[in-house]
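What follows is calculated from the coordinates using simple rules that are stated; it is not laboratory data. Please read all numbers here as calculations on a predicted model, not as lab measurements. Heads up, the Cβs are rebuilt from the backbone with ideal geometry, glycines too, and the neighbour counts pull from every protein chain shown.
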Amino acid sequence: MSRYIVERLNPNFGYFYKLGKTLHQAQTEWQKLEIAESEEFGNVLLLDGVTQVTSRNEFLYHEPMVHPALTSHPNPKDVLIIGAGDGGILREVLKHPVKKAVMAELDGGVVDFCDKLMPEINKKAFKDKRYRLEVGDGRKFVENTKETFDAVIMDMTDPFGPSVMLYTKEFFKAVKKTFKDKKGLFVMHTESPISRPNTFMQCNRTLSEVF
């Protein structure tokens, strides 16, 4: 049975699309997870009913999140990924000559089910020997780790609700402390400057206070 997903980004803007068969649905410790088919977008991952990634156009997001940063760094050997349980960011990171890619993901269920039902996204990246998964709070990992990194890439849900703690000056300072040296890079997604300009500008101001 098909249904329509309607997501409003502001009072005047949003989008809708049709979903088909649900392939998997579960309530993890942290959120409601659903993977469903879409004629337009391929398989779709939704968390708490909000679209996160689609198998057909995910490259439009994952590639620019990774390659501008890692190609501009002179020697990106150690990379930390925060979130990104679908594996798309990891897949792109491993195209570079990195020695270590650590992924701190709160919900291990996202990793498991995306690997089983959306393997076209990670493309066996989860089996790469350079990859290590740390299941748990990404903020706590950053604040407590003794490891250092050349680049940190944060691919989280939007800066609302529980995720808002990862968009603060305090967290950004903790990220900066994990840098191996002054060449360290931090990449994150924000909201659209078109559909949610106020949130975008707030993220930009907070980042500018630290980096």
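General remarks:
- Scalar couplings 3J(HN,Hα) for segment 184-193, obtained by applying the Karplus form with A = 6.51, B = -1.76, C = 1.60 to θ = phi - 60°, are x, 10, 10, 10, 8, 9, 10, 7, 5, x Hz; x denotes Gly and Pro.
- Taking the charge dipole of the chain about its Cα centre, with +1 at Lys and Arg Cβ atoms and -1 at Asp and Glu Cβ atoms, the residue from Ser55, Thr190, Thr22 reaching farthest to the positive side is Thr190.
- Distance (nanometres) between label positions extended 7 Å along Cα→Cβ at Lys180 and Asn10: 4.0
- Annotation for segment 49-134: trypsin sites (Lys or Arg not before Pro) lying in DSSP loop with at most 16 further Cβ atoms inside 10 Å of their Cβ are Arg56, Lys77, Lys95, Lys99, Lys123, Lys124, Lys129.
- Rounded to the nearest 20 debye, the dipole size of the chain about its Cα centre is 720 debye, using +1 on the Cβ of Lys and Arg and -1 on the Cβ of Asp and Glu.
- Partner aspartates and glutamates whose Cα lies under 13 Å from the Cα of Lys99, excluding those fewer than 8 positions away in the same chain, are identified as Asp78, Asp128, Asp150.
- Greater than 23 Å apart at Cα, pairs in Lys32/Lys100; Lys146/Lys183; Lys32/Lys176; Lys21/Lys127: Lys32/Lys100; Lys32/Lys176; Lys21/Lys127
- Sparse-neighbour loop sites [GluC sites (Glu not before Pro); segment 135-208; at most 15 other C-beta within 10 Å; DSSP]: Glu147
- Spatial separation of Cα centroids for segment 3-30 and segment 92-127, in angstrom: 23
- Residues with amide H under 5 Å from that of Leu19, placed H, sequence gap 5 or more: Arg3, Tyr4, Ile5
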